[in-house]
Amino acid sequence: MATKKMAIIATKGALDMAYPPLILASTAAALGWEVQVFFTFYGLQLLRKDLSGIAISPLANPAMPMPVPMPVIVSVLPGMQAMATSMMKAKMKKKGVASLEELRSLCLEADVKFIACQMTVDLFDFSKTDFIDGIEFGGAATFLKFAGDTDVCLFI
């Protein structure tokens, strides 16, 4: 039986959107699948060495459970994003959810191929030294060569 393949496009760099591509990639790799993740636009933030700036915003996120009901207007107050991020990270730690750094390391250890979109690197004036080791840089054609032959292809 041929090895299953999964391709994921990661386009978002917010805390709540950082988890799905890393969880799915690490799980598929653990199941023996060949996995590639193409990080483009804001998803490219997930490959940077420092993930401390990854945050979650309660604004325009109506499904986000809050400990107490609050009007949407409160979400725009200064400090609310930092508070929401801190609360979410604390809850994840309390529940034993792996950190982004841990999930990212698990993926690399399981031979998940991370591809940083070269066009986005150039667009945002990033340097290759801004990113973790063990990743590749390439364009859409690089990723599509693999994605076109996968069993599962996800856009996150």
- With respect to A140, is the statement that it is of a type outside the set (S, T, Y), surrounded by 12 or more Cβ atoms within 10 Å (Cβ to Cβ) and over 14 Å from the mean Cα position of the chain (by Cα) true? yes
- Scan region 110-130 for residues that are β-branched (V, I, T) and farther than 18 Å from F143 by Cα and jot them down. T129
- Selection count where residues are surrounded by 17 or more Cβ atoms within 10 Å (Cβ to Cβ) and within 12 Å of V37 (Cα to Cα), scope region 110-134: 6
- Task: All but one of (1) open to solvent by 20 Å² or more (accessible area, probe 1.4 Å); (2) farther than 18 Å from Y42 by Cα hold for C107, so report the exception by its number.
- Result: (1)
- From the set of residues in region 1-17 that are in a helix (DSSP H, G or I) and hydrophobic (A, V, I, L, M, F, W, C), which is most open to solvent (accessible area, probe 1.4 Å)? M17
- Conditions: (1) open to solvent by 10 Å² or more (accessible area, probe 1.4 Å); (2) within 19 Å of G139 (Cα to Cα); (3) not hydroxyl-bearing (S, T, Y). P20 meets all but one. Number of the miss? (2)
- Message: So, in region 83-95, exactly how many residues are surrounded by 11 or more Cβ atoms within 10 Å (Cβ to Cβ) and either more than 18 Å from the chain's Cα centre (by Cα) or small (G, A, S) (or both)?
- Response: 5
- Item | Count of region 25-52 residues which are buried (at least 20 other Cβ atoms within 10 Å of the Cβ), in contact (Cβ under 8 Å) with a residue 60 or more places away in the chain and of a type in the set (A, V, I, L, M, F, W, C) | 9
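The values are calculated or read from the model by the stated rules, or taken from the named source; none is laboratory data. Values in this document were obtained by computation on a predicted structure and should not be read as measured data. Neighbour counts are summed over all protein chains in view; Cβ atoms, including those assigned to glycine, are modelled from backbone coordinates with ideal geometry. Heavy atoms of the whole protein, side chains included, go into the accessibility calculation; ligands, DNA and RNA do not. Shrake-Rupley method; radii C 1.70, N 1.55, O 1.52, S 1.80 Å.
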